[in-house]
Structure formats: structure tokens, C-alpha cells
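Please read the structure below before turning to the comments.
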Amino acid sequence: MRMLLRGVLPRRTVRMRLTALYGALFVVSGAVLLAITGGLVVSSSRTSVSAANQAAASSLARDQFRIQQLQGELAIAEAQIHSGVSHGLLVGSAIALGIMTVVSLVLGWIVAGRVLRPLRQMTVATRRISADSLHERLAVAGPGDELKDLADTIDGLLERLEGAFAAQRRFVANASHELRTPLATMRASVDVAVAKPEPVPAATIALADRLRGELDRVDGLLDGFLALARTQHGELPGQATLALEYLTAAALAVRAGPIAARHLTVHHATGQDGTWVTGSQALLCRMVDNVLDNAIGHNRDGGWISVTTGADGHLARLVVETGGDVLDADQVARLAQPFRRLGADRTGSDHGSGLGLSIVEAIATAHGGTLGLRARPEGGLRVAIALPLAPAGRLAGAGVPG
């Protein structure tokens, strides 16, 4: 019942509660004031009528009949005066109280809005600030009151968060860069050991091949870390205007071998309008590559892949769908987080670093776009990327990437 009423009744905001409080206080104080005023007026009217009775009685001492007649008339007049004064006072007080109640509610609503305006501005600014814009601050100006203290506290928190995020990205980028040297040394050592003139045992060759494979996986993982850190840090090298359909076609052509090896059927459809976008050519190619690698690697042998590119309003879209088992919607929604995978039961393989879709989301976000992941009701996964279309003025020098 409470949930039903909560859905029907409007949300009780602080402004609404302050307005109700102002109105209630005014009604109570107005009622008390009117009650006191009414009591004083009634007491004054009774005193005036009593004085008139004494004067009439003293003047009518000479005529008993006249006294009785005037006493009756004065009693009637007293009752009429008292009734008229009371009724007029009651009606006037009720009207005045109603008018002032409405006025007080309006004034209370306006005053509450002005009081809460800095809080609304801080709320809007805080919602706008994300992990990619932690350099922004509320910077609320005004006297050093409680609201200013709250804004300064939030600014301090944002500054600490910015430092923590920057330190994390620097650590990932530096670690990924520094670890490449020992990996290259290890790979060279393996190659030298296998390339000796004397016959090398078969077990050593098998071990060397396995080490090369593991080193390649670690190298790919470090490359993913480095790309993720740079993208999240806002580094977009090699700005160019490219078409998503050409990037997708080129990436599919490069992956013809893996597609044929798994006997996958690819449906590639392009829209009527061009899907020209502006951004880093290397990162955009990496984004398309990761999406297609995810569709190939996380698929069944003999399955299918549907790739669609097109324009929708002011957005260029790339949609990649795959078939397969019905997936859990909650797990799919978290696939864009680093090291999130659905497991080898869906893919038939335990390969993959778990960074592919995380890098895709970071690249899309860095270019002002979005990544949407959804489990298909019939089974499989739907990956949708939306990027802002390139301005018309930049299409003159655009070309097809080689």
C-alpha cells in the first residue's frame, strides 16, 4: 500500500516541505492573532453598550414608563450590534486568513526556491562531473555559510578523486610500458635456446612454443592495459575523419582466415547514409577490431555474425550480433567492466584478457559515443556502438583508410 501511494503521490521535496512548514506556521500564528483581536473587539463593544445603559437609566429616573421602553429598545439594539459585529468580524477574519494563507504559500514557495537554489546548482554540477571530467569544480561563490562549506567539501573530494584516478592511470600505463622490456628479453632468450646448432629435444621445442604463446598473451594484455589507460586519460592520437563501414569491411577482410576456420557465416549490411566519424584512426580501428574479435572468439563453430553500419539522426551506429545460448542479462550488462567474461562454457575457449569490451567502451566514450550491450532473447549477444557523425565541413578531406 505504501509503495502504491508513493507511486501516485508526488515526491515530497525539501522545497515542498519548507513551503508547507511556512504555510502552517502562518496559519497558526494568524489564527491566534485573529482570535486575540476578535476577543478585544467583542469586549470593547460590550463595554460601550454597558455605559450607554447606565446613562439611559439615570436620565429616565423621572419617567418609569419611558425607562422601560428605552430599556427594551436598548436590549434589542445591543443584541443586533453584538450579532452584527461578531458576524462581520468572523467573516472578515476568515476571508483575510484564507487570502493570506494563499499568499504565504506562494511566498514560502518562492523563498524556499531561492534558499535551495545553490543546492540545486551543486546537484546538477555534481551529476555532470564524471570520471572523465574530474578536473571540473563546483566553485560556488558567496558568503562562508553552510552551503559554501558543503561546496568546498565536495570540491576537495573531487580533487582527491582526480588525483587517485590520475595515479591509477599513470601506474597502469607505466607498468604496461616497463614490462615490455623483460617480455622482449624472455622471448629472445627462448628463441636463442631453440636456435642452437645442436639438436634440441622435442620437449624443449614444445615448451618454447608454449612459452611464446603465453608471452604473446601477456604482451596482448599489456597492450590492452596501455590502450585503456591512454584512452581514459583522453589521449586521442592521429585525428582523422573515417567511415565506419570501411573500417568494418577492412577488419572483416583481415579476419577472413579465423572466420573460415570456425565456419562462421557473416552478414554485413550498410545503410544508405555515410557513417563518417572524426577521431583517432588507431583507436577507432582498435574499437572495431575488438568488437569483431569478440564476435569471432565468443561464438560457436558454424555460427553466424551480423554486422550492420548506418546513420541514425546525428549518430553513426555499428551493431554486431551473434547467435548462441540465452545469456544472463545482468552478466551481459557488466561485460564492459575490465576482466568481465561470461566464461568458457559460452565461448568454447578460455582465451581472452577480458579487456576487449572495456577498451571498446573507453574508446567510444572518449569520442563522445556510447556502447550498448544486450542479451538477445533468441540467444547470443548484441553489441551496439553509437558515435557522433562528423561535421559536414570535415568530409571534404576525408578518405578511406588504407
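The values are calculated or read from the model by the stated rules, or taken from the named source; none is laboratory data. Since this is a predicted model, take the numbers as computed values, not measurements. Ideal geometry is used to build each Cβ from the backbone, glycine not excepted, and the neighbour counts take in all protein chains shown. Areas reflect the complete protein model, heavy atoms only, side chains present, ligands, DNA and RNA absent. Shrake-Rupley method; radii C 1.70, N 1.55, O 1.52, S 1.80 Å.
Consider residue 191 against the criteria (1) without any contact (Cβ under 8 Å) to a residue 40 or more places away in the chain; (2) within 30 Å of residue 15 (Cβ to Cβ); (3) of a type outside the set (Val, Ile, Thr): it satisfies all of them except one. Which criterion is unmet?
(2)
Taking into account only those residues within the stretch 336-362 that are of a type in the set (A, V, I, L, M), at pLDDT below 80 and open to solvent by less than 40 Å² (accessible area, probe 1.4 Å), which is farthest from residue 391 (Cα to Cα)?
Restricting to residues being of a type in the set (A, V, I, L, M), at pLDDT below 80 and open to solvent by less than 40 Å² (accessible area, probe 1.4 Å), the top hit is 342.
Residues in the stretch 324-335 that are of a type outside the set (D, E, K, R), over 25 Å from residue 253 (Cβ atoms) and either at pLDDT 90 or above or not in a helix (DSSP H, G or I) (or both): how many?
Number of matching residues: 3.
If you check every pair at least six apart or on different chains, which have Cβ atoms under 6 Å apart with a residue in the stretch 22-41 that is among the aromatic types (Phe, Trp, Tyr) first and a residue that is in a helix (DSSP H, G or I) and modelled with pLDDT of 70 or more second?
Going by the 6 Å Cβ cut-off, the qualifying pairs are 22/108; 26/104.
Kindly indicate the residue of the stretch 234-255 that is open to solvent by 50 Å² or more (accessible area, probe 1.4 Å) and under 28 Å from residue 187 (Cβ atoms) and also modelled with the highest pLDDT among those meeting that condition.
Per the criteria, the residue is 254.
Does any residue of the stretch 309-323 turn out to be open to solvent by 10 Å² or more (accessible area, probe 1.4 Å), within 9 Å of residue 380 (Cβ to Cβ) and not in a strand (DSSP E or B)?
Within the stretch 309-323 (the criterion being open to solvent by 10 Å² or more (accessible area, probe 1.4 Å), within 9 Å of residue 380 (Cβ to Cβ) and not in a strand (DSSP E or B)), the answer is yes, since at least one residue qualifies.
Restricting attention to the stretch 139-198, and to residues there that are polar (S, T, N, Q) and more than 15 Å from residue 222 (Cβ to Cβ), which single residue is modelled with the highest pLDDT?
153
Given the condition touching a residue at least 24 places away in the same chain (Cβ under 8 Å) and within 34 Å of the chain's Cα centre (by Cα), answer yes or no: does some residue in the stretch 262-269 qualify?
Within the stretch 262-269 (the criterion being touching a residue at least 24 places away in the same chain (Cβ under 8 Å) and within 34 Å of the chain's Cα centre (by Cα)), the answer is yes, since at least one residue qualifies.
Just a yes or no: is a residue in the stretch 103-125 out of contact with any Leu (no Cβ under 6 Å at 6 or more places or on another chain), farther than 30 Å from residue 21 by Cβ and open to solvent by less than 90 Å² (accessible area, probe 1.4 Å)?
Checked against the condition, which is being out of contact with any Leu (no Cβ under 6 Å at 6 or more places or on another chain), farther than 30 Å from residue 21 by Cβ and open to solvent by less than 90 Å² (accessible area, probe 1.4 Å), the stretch 103-125 yields no hits at all.
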